[in-house]
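Beneath this line is the structure, given in structure tokens, with notes to follow.
Any read-out appearing in this document is the output of simple, stated calculations on the displayed coordinates, not a laboratory observation. Predicted model, so just to flag it, every value in this text is computed and none were measured. Positions of Cβ are backbone-derived with ideal geometry, glycine not excepted, and every protein chain shown enters the neighbour counts.
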Amino acid sequence: MDEISDNTFIEVHGSDVSNDDPSLLTIVLEVSPEGWFNIKDQTSIMDVVKSLLVFLNGHLSLNNSNQVAFVLSSPAGSKFLYPDTSKTYEEIPLNVTSEETVENSNKSEELSFVTKGMYRQFRVVDETVLSGLSQTMSDITHAQDDKVTGSSRLSGALSLALSYTNRMMKLDQSISTTTASAISSAANISNKESSTAGASSGTNANSYGTSRMKSRILVVTPNDNEDIKYISLMKAIFGAQKMKVAIDIAKLGRKDSSYLQQAADATNGVYLHIEKPLGLIQVLCTAYFIEPSIRPLMILPTNSNVNYKASCFITGKSVEIGYVCSVCLCIMSEIPDRMSCPTCNSHFDEKLIAKLKRKPVVKKRKLDNGSSESSTPAPEA
Amino acid sequence: MESDDEYKGSSPSSRGSFSDSDGEGVRRGIKTANPASRNANDKKGANGAYAWEDEYQRTWDIVKDDDSGQTLESLIQNMIESRKKKIMKNPTAPYQRGIIRTLVVVIDGSSIMLEKDLRPNRFSMMLSLLQEFVVEFFDQNPISQLGIVLMRNGISDVVSDVNGSPQFHLDKIRQLRGKQHNRFEPKGDPSLQNALELSRSLLRYNFGNNINDTKNSKEILIIFGALFTSDPGDIHKTISSLVKDNIKVKVIGLSAKVAICQEIVNKTNHTSNNFNNPNYGVIMNESHFKELLMDCVVPLPITVEQQKEIEASKSVPLLKMGFPTKVQPTLSSSSGGHSLDFIQICACHSGSRTENGSDAAAIQQSSSVIGYRCPQCSSKVCSLPTVCPICGLMLILSTHLARSYHHLVPLVDYEEVPVKGSYPSSFCYGCLLQFPEGIENIHKDSKEKLETMSSSRYRCKKCKNDFCIDCDVFVHETLHNCPGCENQ
């Protein structure tokens, strides 16, 4: 039992009190043809989406005011499948229209497990996601080749998910101020004023702390490709970190993705590399179902070694020891031949490069550093 | 100060201020219908009864438009617009900044800081703002370091050493304000010279030293409540040595401008004009205080001189950095390699830090849980960023570097879509918020009214997607990613 009572978990204990606040769950599903082709022996998109829909329904059933969103990230771009702006959900519950839409859109077996008798909220979500998905699928199959085999658009999908999350958090805040009692609402207003003033001068973490809506993002991706928009992905991660939105990662496929590991690690999310996706729904319900507010109290599946490798700007490969341009912080795995930074074109100090290139000098530099370090603080008492 | 005293002393004034702050946002442009009834000191209500017998009034319902015809909505709209304009001030052209900064914050702990013009008093107000500042500072300058110095009773004390960990500073600040009888209670006179000398010696030692000195920007931020300084020697000598060390000083005054501060600021920042120096601000109110403080978070642009220096040598330094792997030794039983009860000791905390016993112990404990392994020599360190104590390689998380990217590659501003009869978009691209419909027959409206109307759409110049104002602010202040451009 020693593993379970490890002090890693005790350290984060008691930071939040769990309560019945509503929470928003955004699922980002990446549909890169290559990634799904690679795992076609194990699972299919349809199976995974079925599991995800069960997962979404489970989330909706936990609390009446829970919210869900579904973002599809395809090489052609990302878009929301749910909520879908082209539909008004008030019209769906009539049985006749829903049957019609089911029959009209496509009679494929995709929608067969969405039955008439389902709980309305579940059905609205399921139908919208499935019809949107089949629409995108047919778009992809008819699209040009160059559009299909692009690099991952995950950063865009995350940005969409985050801006939607931002709105839901703000929305919830405004509701709570109108329903709250007079005094607390007055306090809230003054709080709001100060927080807006704060937000105007740079980003303010506090303005998110007051909102009651909890939210998290679950990314499901089979993509083994390390070709990712590094900078924008990083920016998205920081945005999530600031908003205290956990990014959970369910990585299918063969390899670990070090960038997604970093995403989960930085936002206190769960990262799991699911090598056998057959029992996906079980994994989803055990590892990812826990709300962020009670995560400190639970023992989460942790991955012991997070690789904080950076991405080389020239080659796109990940680097452990690299060179960093001091102007633009561009990361390079090797010193470029041109002696200049590939992104900002500033020339590097030749003496320094010569120093870095000389192999045995490492030892000498260490000596130099030692002496300079000891000598600097000494004078000027 | 005893809590009882504080309560008695401040209770009448705080009640008065409550009624002030209550309507503050509204009174700027709008007269309230019945200001007398809202005065807490006037116990008679509007209908002649005592205030507590009065019917409950919702003050926001009795707000009346003032003569200029501004409604509450339009005021709020203006506030939003002004926020928006603040973002517009952000430069969109990338330029070099001193990314690796070392900042010493000098705070005033003299007796004048007990003044109650800021609530509850200047000192605790400053400390609570400082806490926010520390968090924000490390958020935006992840590879920078910070130290805090207190001017009190004619001398200056180090509150927290120059260090890269926000939690460390927050703990120290909490100690300052925490206890009733703490030894840091504001007292005596401030001494600028002592504080500057101490800060200067703190700044001489920082972690970037052995890599490259020019890359570091050394800064001092003084929060100065008093109007005088009592110094042991010639402060002008201190100023010239600050100039020599290339240390930049910023001052935030809490009461009025002081000539000596102006001189310090002008000389250390190499600016000649006496007034309107952006580095010396005097606060007008609480939110202005916060604004001034938060302005110091953004990395400084490289000065003209440094620019010349760089251009003269036609070269910039290249830094060698290592990106270590995070290890959780006690948990890695599944991946093999370490047994569960194998204690790991980090390489960075030896006996050198044991002067402060409890701190060192705490760090040691946490280091046995999570550490980072240097990719070059495989020694373990417990916190980042740092310089590897064994091989001298600068260790950093890639996330630390990436956090500064938005300063280097700023996002393009969105521009407001002009008011038209109809628009191609009906939903915000980012958050799916429904936009208001286009307004037909706008020609009938006067020109003035046209200005107050807005299409509520803000379009990215690159991807031509429309966003709402909330998404615009969010994208530019928090996310720094245009969702539309990312999906192209």
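Close amide-amide hydrogen proximity is noted between B:L395 and B:G322, B:T386, B:V387, B:C388, each under 5 Å apart and 5 or more residues distant or on a separate chain (H modeled in the peptide plane; Pro and chain starts excluded).
For region B:184-195, putting each phi into the Karplus relation 6.51 cos²θ - 1.76 cosθ + 1.60 with θ = phi - 60° gives couplings of 9, 4, x, 7, x, 9, x, 10, 5, 5, 4, 5 Hz, in residue order, rounded to whole numbers and with x for Gly and Pro. Site pair B:K267 and A:I299 shows an inter-label distance of 6.4 nm when each label is modelled 7 Å from Cα along Cα→Cβ. Proximity of backbone amide H atoms, modeled 1.01 Å from N, is registered between A:A310 and A:V319 at under 5 Å, excluding neighbours fewer than 5 places apart on the same chain. With 24 Å as the limit on Cα-Cα distance, the pairs of A:K229/A:K251; A:K242/A:K309; A:K244/B:K320; A:K255/B:K320; A:K50/A:K317 that go past it are A:K244/B:K320; A:K255/B:K320; A:K50/A:K317. Amide H to amide H, with H built 1.01 Å from N, B:Q145 comes under 5 Å of B:R101, B:T102, B:L103, counting only residues 5 or more places away or on other chains. Couplings 3J(HN,Hα) of region B:162-174, computed from phi: 5, 7, x, 10, x, 5, 4, 5, 4, 4, 5, 5, 4 Hz, in residue order, whole Hz [Karplus 6.51 cos²θ - 1.76 cosθ + 1.60, θ = phi - 60°; x for Gly and Pro]. From most to least packed by mean Cβ count within 10 Å, the peptides B:195-204, B:235-244 give B:195-204, B:235-244. Taking a sphere under 9 Å around the Cβ of B:V104 and counting the other residues whose Cβ falls inside, with K and R at +1 and D and E at -1, yields a net charge of +1. Counting charges near A:H273 (Lys, Arg +1; Asp, Glu -1) among other residues having Cβ under 12 Å from its Cβ returns a value of +1. Residues B:V419, A:V49, B:V104 in ascending order of nearby Cβ atoms (within 10 Å, fewest first): B:V419, A:V49, B:V104. Taking θ as phi - 60° and the Karplus parameters 6.51, -1.76 and 1.60, the scalar couplings of region B:374-382 work out to 5, x, 8, 10, 6, 7, 9, 10, 9 Hz in sequence order, x denoting glycine and proline. Other residues with beta-carbon under 11 Å from the beta-carbon of B:N153 carry, at +1 per Lys or Arg and -1 per Asp or Glu, a net charge of 0.
Using a simple spin-label model with pseudo-atoms 7 Å out from Cα toward Cβ, A:S44 and A:R120 lie 3.3 nm apart.
With coordinates expressed along the principal axes, the C-alpha atoms belonging to region B:128-185 extend over 34, 21, 16 Å, beginning with the largest. The Cα atoms of region B:100-308 give a gyration tensor whose axes a ≥ b ≥ c have a/c under 1.5, which makes the shape rounded.
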